[in-house]
């Protein structure tokens, strides 16, 4: 798959080929996070907008659960600055959701 790697040594005999997002052998690339989050949002909108039978809803909710698992796998993949998404989120919580404050003293100009 383009957004992940298969770590199954017997990948060629995998019974559920091309259903990688929910597989324990799936190792996602870091770039897959944005795509997975976008897909999750899209599925959420789909569930709200489209009337589904109980069976159809169960299938879509199963896909949503697989995407959640994929996103959790990516929580410990470092970003470009070396921090993981979990560390970045923890920092946001430490700051009560506010960005770090940097104060710059500007001298006042008086006439």
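A short reminder: the numbers here are calculations on the coordinates, not readings from a lab. The shown structure was predicted, so the numbers you read here are calculated from the model rather than taken from an experiment. Here the Cβ positions follow ideal geometry from the backbone for every residue, glycine too, while neighbour counts run over all protein chains shown.
Couple of notes before you dig in:
- Note on 14, 23: ascending count of other Cβ atoms within 10 Å places them as 14, 23, the fewest first.
- Short-range pairs are left out: with C-alpha atoms under 8 Å and at least six residues apart, the relative contact order of segment 4-94 is 29 percent.
- Neighbour counts of C-beta atoms inside 10 Å place 25, 10 in the sequence 10, 25, starting with the fewest.
- Counted residue by residue at 0.36 nm each, then reduced by the alpha carbon distance between them, the extension gain from residue 8 to residue 90 reaches 26.3 nm.
- By average C-beta atoms within 10 angstrom, highest first, the peptides 56-63, 69-76: 69-76, 56-63
- Residue 68 versus residue 49: modelled label distance in nm, points set 7 Å from Cα along the beta carbon direction: 2.3 nm
- Anisotropy class assigned to segment 4-94 is oblate, per the alpha carbon gyration tensor with a/c at or over the 1.5 cut-off and a/b no larger than b/c.
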